[in-house]
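Shown next, in structure tokens, is the structure this report addresses.
The values are calculated or read from the model by the stated rules, or taken from the named source; none is laboratory data. Fair warning: this is a prediction, and the values are worked out from it, not measured in the lab. Note: ideal-geometry Cβ built from the backbone for every residue, glycine included; neighbour counts use all protein chains shown. The accessibility values were calculated without ligands, DNA or RNA, using every heavy atom of the protein model including side chains. Shrake-Rupley method; radii C 1.70, N 1.55, O 1.52, S 1.80 Å.
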Amino acid sequence: MKKLVGIILILISLALFGFRIQKKIVLKQNVTGYLKRAADANTVKIAQGEISKVLTYLEQEEMTEGYTSIFWKTPNEDIGFWYRNLKASLQELKQVENGSTLEKTNVLLKLRETLMDGGGEGKVRVTVPKGLSAYPNNGMWATLMLLAFIGLIAGVGYLFHDIDMQPKQGTGKSAGES
């Protein structure tokens, strides 16, 4: 029975981890992937198209206001500011559409700086509010991930450790006796 409970706990935990990974993939497919392409765009028109896709998705999913944080609001988790910044970037791209090559290049460079952050060790990553893939249910997902982690540990414990709480019966002889 313990092994069955262990298997069930492990499967439920893995399913929860899988759902969370799937949410991150959906965000990459609809937001971060397009933002990276906009940052890499060589023309204003291409950048406009990529940012427009992101803004359409964010508006459809009602991800235009709020914070991704659970306990306190920090600037790096402000969806409203980030969304307004993306809208402003698209507006700048539209204004420079008929401008000179130098103006377009400058706007594209500025866009890249807006969309990308320098990570540690020289890595660059797309700027998005931390935890956006779980929004608007960040608290629920944090709780589920904690429960999944505990469930995984308990499941492995049930499955692989046969805990015997009964003291071992000795022969009644002490260590020095033969």
- Message: Take A134 and tell me if it is out of contact with any Gly (no Cβ under 8 Å at 6 or more places or on another chain), of a type outside the set (S, T, N, Q), within 30 Å of L4 (Cβ to Cβ) and open to solvent by less than 50 Å² (accessible area, probe 1.4 Å).
- Response: no
- Note on the structure: Scanning segment 14-42 residue by residue, those basic (K, R) and either touching a Leu at 6+ places or on another chain (Cβ under 6 Å) or over 22 Å from T56 (Cβ atoms) (or both) turn out to be R20
- Message: Could you list, ordered by first residue, the pairs with Cβ atoms under 8 Å in which the first is in segment 49-70 and more than 18 Å from E92 (Cβ to Cβ) and among the β-branched types (V, I, T) and the second is open to solvent by 10 Å² or more (accessible area, probe 1.4 Å) and at pLDDT 95 or above, at least 6 apart or interchain?
- Response: T64/Y83
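Is it true that G99 is open to solvent by less than 30 Å² (accessible area, probe 1.4 Å) and out of contact with any helix residue (DSSP H, G or I) (no Cβ under 7 Å at 6 or more places or on another chain)? Spell out how you get there, then give the answer.
Details: open to solvent by less than 30 Å² (accessible area, probe 1.4 Å): yes; out of contact with any helix residue (DSSP H, G or I) (no Cβ under 7 Å at 6 or more places or on another chain): yes.
So G99 passes the test.
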- Item | Pick from segment 6-55, criterion within 13 Å of the chain's Cα centre (by Cα) and of a type in the set (A, V, I, L, M, F, W, C), ranking: most open to solvent (accessible area, probe 1.4 Å) | F19
- In the set L86, L109, L93, the lone residue that is within 25 Å of R20 (Cβ to Cβ), part of a helix (DSSP H, G or I) and not aromatic (F, W, Y) is L86
- Message: Considering only residues that are in contact with a strand residue (DSSP E or B) (Cβ under 6 Å, 6 or more places away or on another chain), at pLDDT 90 or above and not in a strand (DSSP E or B), which ones fall in segment 116-162?
- Response: T127
- Message: Go through (1) of a type in the set (S, T, Y); (2) under 24 Å from the mean Cα position of the chain (by Cα); (3) open to solvent by 30 Å² or more (accessible area, probe 1.4 Å) for T68 and report which single condition fails.
- Response: (3)
